[in-house]
1. Restrict the check to region A:144-156 and report whether at least one residue is more than 26 Å from residue B:91 (Cβ to Cβ), out of contact with any strand residue (DSSP E or B) (no Cβ under 9 Å at 6 or more places or on another chain) and not in a loop (DSSP other than H, G, I, E, B).
2. Checking the condition closer than 14 Å to residue B:119 by Cβ, open to solvent by 20 Å² or more (accessible area, probe 1.4 Å) and not in a loop (DSSP other than H, G, I, E, B), which residue from B:15, B:51 passes?
3. Residue under question is residue B:208, and the condition is that it be over 16 Å from residue B:395 (Cβ atoms), within 7 Å of chain A (Cβ to nearest Cβ) and surrounded by fewer than 24 Cβ atoms within 10 Å (Cβ to Cβ); does it hold?
4. If residue B:186 satisfies every condition in (1) surrounded by 24 or more Cβ atoms within 10 Å (Cβ to Cβ); (2) within 9 Å of chain A (Cβ to nearest Cβ); (3) not in a helix (DSSP H, G or I) but one, which is the exception?
5. Filter region B:280-291 down to residues that are away from chain A (no Cβ under 11 Å) and part of a loop (DSSP other than H, G, I, E, B) and give me whichever is least open to solvent (accessible area, probe 1.4 Å).
6. From B:338, B:363, B:355, grab the single residue that is free of Cβ contacts under 8 Å to residues at least 12 places away in the same chain, of a type in the set (Lys, Arg), closer than 21 Å to residue B:196 by Cβ and part of a helix (DSSP H, G or I).
7. Residues being open to solvent by 20 Å² or more (accessible area, probe 1.4 Å) and part of a helix (DSSP H, G or I): count how many of those fall in region B:227-251.
8. Among the residues of region A:22-41 satisfying the criterion of being more than 18 Å from residue A:69 (Cα to Cα) and open to solvent by 60 Å² or more (accessible area, probe 1.4 Å), which is farthest from the other protein chains (Cβ to nearest Cβ)?
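The values are calculated or read from the model by the stated rules, or taken from the named source; none is laboratory data. These numbers were taken from a predicted model, which means no experiment stands behind them. With ideal geometry, Cβ positions are generated from the backbone for all residues, glycine too; neighbour counts draw on all protein chains shown. Protein only, heavy atoms only, side chains kept; ligands, DNA and RNA dropped before computing areas. Shrake-Rupley method; radii C 1.70, N 1.55, O 1.52, S 1.80 Å.
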Amino acid sequence: MAKSDKDSLRLSQESLNQIDAEVAKYPADQKQSAVMGALRIAQGEKGWLSRELVEYVANLLDMPAIAAYEVATFYNMYDTQSVGRHKITVCTNLPCALMGANEIGEHLKKRLGIGYGETTEDGRFTLKEGECMGACGDAPMCLHNNHVMHTHLTPETVDALLDKLK
Amino acid sequence: MSLLTPSIKVCSWTQDFDAPASLATYVANGGYQALRRVITEKISGDDIIAQLKLSALRGRGGAGFPTGLKWSFMPRAFPGDKYIVCNSDEGEPGTFKDRDILRYNPHQLIEGMAIAGYVLGARVGYNYIHGEIFEIYQIFERALNEAREAGYLGENLFGTDFCFQLHAHHGYGAYICGEETALLESIEGKKGQPRFKPPFPASFGLYGKPTTINNTETLASVPWIVQHGGQAFLELGKPNNGGAKMFSVSGHVNKPGNYEVGLGTPFAELLEMAGGVRNGHKLKAVIPGGSSAPVLPGNIMMDCTLDFDSIAKAGSMLGSGAVIVMDETVCMVRALERLAYFYFEESCGQCTPCREGTGWMYRVIHRIEHGQGRPEDLELLNSVASKIGGHTICALGDAAAMPVQSFLKHFGDEFAYHVEHKRCMV
């Protein structure tokens, strides 16, 4: 790997400190337990988990790269393909669907001109269909970049949200 | 309201406070008194387990297993490391009660876990929090820091030799990790694939050490039981179904949300609390315990009380207490299609009957919904479902089969109509 590629993989000191805090939660001989947190932190900084980035995280935790890659591909909030700057995930499971989630999904598709699993040409938005987020009473809802939940959505609040996300 | 008054709001009493999640609110209202008393008075673990058994507290995550009995399986005198793990991986469609405990009453869970650590001989605990609720994970992390700074977690608690540390582990999107052994694999930094049982976690759990895993609401109920006694908790509910429980009501009601009521409360009362079926519509069907529980027609449900035994007698499960309400506008084929897709998507792929069967069932229901159903499809669905249920390592297989079987049992006419007329009868 060329040196410049390696530099682009390097995580910020803040991210590395956060990963250290994850490692500290587990017994000293169980560093691998921190891989879920470490991958989340790496993805948060870099936008998505390239194969090289997963290997970089695996090295930090002294674990085989394949074991980290298994984790990255098993849990569905990790993105192992590039995504837009703003990933919107809509829960369409039954309780949400009963409360209007499909209508919100259709509105998002129309506004963004893309379907589920697609990214807008300008790289601004990715739209995903998600599974139960454990907040069914507040449906319809979506997640922005995995971490911020927007609940009780209406077409108007969806429009306001999209306008805010540059 | 406070933790010192024995009200029906066992886990939800903080919700009307200005800062419900804060340590100050919790301590000012009796929080951490039970832990202090247990540790400083060196109350024996046997006594606490006896109170839990008396209370008839049953696991609030879905299985309803008696908590006191589960704790008694733990080799408490075993000299090595032991763990207490909380399952806050709440992803059973319809369930959103643990999220409210974590964001409005995190200290009661922390206190419950510390008491569990004391009883079970665990010096370290982990709380596994569902991936999609990152903001709630952060609230819980803040609560942990508050508890550490105030000396409720850490070394030599209350000047004794008891030490207990607790950490939060954040999931990242896998329904299967709600299964307790998949959850342990996940904490170990692996794919969340369930383990064969036996050995059970009490003998071979996290990192191969004895481990007890309980649901959030179960552990958060423990300080209340220690404070007021097992008998008082039992009396909030009914025999064999002790205590109050949070019910998550979603779907076609006017006021979706969490309602904590005594076990044994009539379903009709809960429905009324949730504002009734939305705007004058009629009750068609209810899934009483999260998406994996068999669906029941509305008229059967209206005769049920909300407790493990009554719902089981009616042919379903109280499960996690997630009540999904459907009115007469719902197409049951379409509803089942969505649930079937969920289990197909979330199968971990380890066992062939589940990996292949969930996809097969989804494809058959999908074609019925889209006007391409075949006359033999209903029988085929029942056949596939019966070959998944009971033939897999974990309960996800059963969870995928039960909705299919129950939808066909109670609403088979709608499926047959779809097949025959290539369209919906609703």
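1. So the first thing to find is which residues in region A:144-156 are more than 26 Å from residue B:91 (Cβ to Cβ), and the list is A:155-156.
Add one more test, that the residue is out of contact with any strand residue (DSSP E or B) (no Cβ under 9 Å at 6 or more places or on another chain), and what stays is A:155-156.
Imposing the further condition that a residue be not in a loop (DSSP other than H, G, I, E, B) reduces the set to A:155-156.
Scanning region A:144-156, I find at least one residue that is more than 26 Å from residue B:91 (Cβ to Cβ), out of contact with any strand residue (DSSP E or B) (no Cβ under 9 Å at 6 or more places or on another chain) and not in a loop (DSSP other than H, G, I, E, B), so the answer is yes.
2. From the options B:15, B:51, the qualifying one is B:51.
3. Working: over 16 Å from residue B:395 (Cβ atoms): yes; within 7 Å of chain A (Cβ to nearest Cβ): no; surrounded by fewer than 24 Cβ atoms within 10 Å (Cβ to Cβ): yes.
In short, no.
4. (3)
5. Selected residue: B:289.
6. Numbers: B:338 fails: closer than 21 Å to residue B:196 by Cβ; B:363 fails: closer than 21 Å to residue B:196 by Cβ.
Residue meeting the stated conditions: B:355.
7. Summing the residues that are open to solvent by 20 Å² or more (accessible area, probe 1.4 Å) and part of a helix (DSSP H, G or I) in region B:227-251 gives 7.
8. Among those that are more than 18 Å from residue A:69 (Cα to Cα) and open to solvent by 60 Å² or more (accessible area, probe 1.4 Å), it is A:28.
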